[in-house]
Amino acid sequence: MHVLILGGTTEARALAAALHPHPGVRVTSSLAGRVAQPRLPAGEVRVGGFGGVEGLVDWVREHHVDAVIDATHPFAERISFNAARAAATAHVPLLALRRPGWVPVEGDDWHQVASLEEAAGALDGLGERVFLTTGRMGLAAFAACPQWFLVRSVDAPEPPMPARTEILLDRGPFTLEGERELLSRHRVDVLVTKDSGGAATAPKLRAAREAGIPVVVVRRPPVPEGVPTAATPEEAAAWVLG
């Protein structure tokens, strides 16, 4: 059985590690190539896009893929919908592996929005020193904002970006102690994040809660209609192994 994992996430690597040792299971992980030095999963790895739906269909057929698992980032909306269309066209089963989203708890001051553009618009009146943890690809949405921004990303972002920006290159997982110190040292008074879920970057939410800092949370897009989901790599592995 040949399994194609559309990966790049912690869960995708865990799934590849779980499936790779099984005899008769060939695992290929596909990485988008947006991170300069990605953490490579077990098994075979390909880097780069497929060229849209048709390219993915061709690759699946040419390499005799028996199942596809979409374990991309919860906000990788385009590849998720391409995967759904391609799997239906190629007549191969598709599973979406999605870590559960974050849920506010008592003491949180969350402002939930539907997009990065709405997040930028929500900043007025919330704070002047923004900790922006939405990744390096969407900074253009905040380019016209007058606030000061601390932007954390794995690789250096490119313009356009806010005029008053400090870049922090770092990769999770992050600790609660570290997030507390960061918020204090940079005098952050508002946090902006996507609802990525998972534990690797969740400490910033608790640190913001403890400090009484409002959090602008961008809601994640839905999984394409009709695509079954798994919440953990273990569930996804069980789906593959049957």
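Between residue 169 and residue 114, the FRET efficiency from the beta-carbon distance, with R0 = 25 Å, is close to 0.30.
Computed as a quarter of the hull surface, the mean projected area of the alpha carbon convex hull for the chain stands at 13.3 nm². Here the range 102-242 yields Rg over Rh of 1.01, to two decimals, using C-alpha coordinates and the Kirkwood radius. Length gained on full extension, residue 124 to residue 2, computed as 0.36 nm times the residue gap minus the Cα-Cα distance: 38.9 nm.
The share of accessible area on the chain that comes from carbon and sulfur is 52 percent, using a 1.4 angstrom probe. Pick out which of 92, 27, 215 has the largest mean-square fluctuation in a Gaussian network model of the chain, springs linking Cα atoms closer than 10 Å. Between 92, 27, 215, it is 92 that shows the largest mean-square fluctuation.
What the range 1-153 shows is 47 Å² of accessible area per residue, with the surface traced by a 1.4 Å probe over protein heavy atoms. Hey, how many Å between the Cα centroid of the range 192-214 and the Cα centroid of the range 110-171? What the calculation gives is 15 Å, centre to centre. Take the Cα coordinates of the range 72-127, assign each an equal point scatterer, and use the Debye formula without solvent to give log10 I(q)/I(0) at q = 0.27 Å⁻¹. Scattering profile of the range 72-127, log10 relative to I(0): -1.12. Note on residue 184/residue 158: beta-carbon distance plugged into 1/(1 + (r/R0)^6) with R0 of 25 Å gives a FRET efficiency of 0.30. Its residues counted as N, the range 120-182 yields a C-alpha radius of gyration over 2.2 N^0.38 Å of 1.11. Only DSSP H runs of four or more residues enter the estimate; each adds -39500 (n - 2.57), and after division by the residues of the chain the mean residue ellipticity at 222 nm equals -8500 deg cm²/dmol. Peptides 225-237, 163-175 ranked from most to least packed, by the mean per-residue count of other Cβ atoms within 10 Å: 225-237, 163-175. For the range 17-86, just say rounded, prolate or oblate: build the C-alpha gyration tensor, square-root its eigenvalues into a ≥ b ≥ c, call rounded for a/c under 1.5, and beyond that prolate if a/b exceeds b/c, oblate if not. In terms of gyration-tensor shape, oblate. Rounded to the nearest 20 debye, the dipole magnitude of the chain is 360 debye, with +1 charges on Lys and Arg beta carbons, -1 on Asp and Glu beta carbons, and the Cα centre as origin.
The values are calculated or read from the model by the stated rules, or taken from the named source; none is laboratory data. Please read all numbers here as calculations on a predicted model, not as lab measurements. No Cβ is skipped: glycine too gets one built from the backbone with ideal geometry, and neighbour counts run over all protein chains shown. Please note that ligands, DNA and RNA were not included when accessible areas were found on the heavy atoms of the full protein model with its side chains. Shrake-Rupley method; radii C 1.70, N 1.55, O 1.52, S 1.80 Å.
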